[in-house]
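In what follows, a single structure is set out as structure tokens and then discussed.
What follows is calculated from the coordinates using simple rules that are stated; it is not laboratory data. All figures in this text were calculated on a predicted structure; none of them were measured in a lab. With ideal geometry, Cβ positions are generated from the backbone for all residues, glycine too; neighbour counts draw on all protein chains shown.
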Amino acid sequence: MLFLQKRAFSFSIPASSILFLFLLLTFQPVSSSQQPNKNEDFHTSKLDNSQKMSSSLLFDITLHGFLLWASMGFLMPVGILIIRMSNREQCGRRLKFYFYIHTILQILSVLLVTAGAVMSIKKFNNAFNNSHQRIGIGLYGMIWLQALIGIVRPKRGSKTRSLWFFVHWMLGTAVSLLGVFNVYSGLFAYHEKTSKSIRIWTIIFTVEISLISFFYLFQDKLEYIQKQGVILGNDLVTPTDQMLSPNDKQKELPTDPC
């Protein structure tokens, strides 16, 4: 009898082990089948978040590019053309009009540059490992320096007026040229980051800069062209005037008003 109990006890241990293994094999597929669903949901939510971040980042990059184009690619060059138009004016309302338009355009340009700078600092990863970011941080400082120089403008006729004009002109020219270059480098950086085509924007910006450059050069030659009789005015200068003596020229040519 004792022998049979020992044999029954010896067989009871394998039975319990078999039952444990059966339960383990029964519930293991259920848990393993649920795990891929959890992983899949995790990766799906992570992908959705990354897509949302990328769309938000794309909007920020586009807005940053628009602000900097409007500032350094449009308002500043147009402001330079406006103030150059005042060089032919000696006095009167038109001189003040040109000056105020130039000032308004430059103030708007500084505000837009500041907004673009704040956006780039807060939104982007500024590693400064490319020329676009390095030139951009330098331009931010140069633009504000140019604005401060414009504020401390001395009066006409003062001793420091010539020095002020030279510094203001040199710094403004440097800012405009570097700004145009940085717009181009920004377009290429946008293409590298988003893989989107920039051909149409590059063409449009090139046409715009070409027109501004043409009018810039045309302003220097406008008075000379008028004297050549190409543009009709109150007095038409013709090649026959070269045959007149100096005394006849003094009699026929009217004096310019002050």
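The simple spin-label model puts a point 7 Å past each Cα toward its Cβ; for TRP201 and SER56 those points are separated by 2.1 nm.
Our coupling estimate for region 195-204, obtained by passing each phi through the Karplus curve with A = 6.51, B = -1.76, C = 1.60 and θ = phi - 60°, is 6, 8, 6, 10, 4, 5, 5, 5, 5, 4 Hz, Gly and Pro reported as x. The label-point distance for LYS227 and THR173, in a model that sets each label 7 Å from Cα toward Cβ, rounds to 2.2 nm.
How much length, in nm to one decimal, is gained on full extension between THR114 and SER131, taken as 0.36 nm per residue of separation minus their Cα-Cα distance?
Numbers: separation 17, 0.36 × 17 = 6.12 nm, distance 1.94 nm.
This chain segment gains 4.2 nm when fully extended.
Residue separation of ILE101 and TYR184 scaled by 0.36 nm, minus their Cα-Cα distance, works out to 27.2 nm of gained length.
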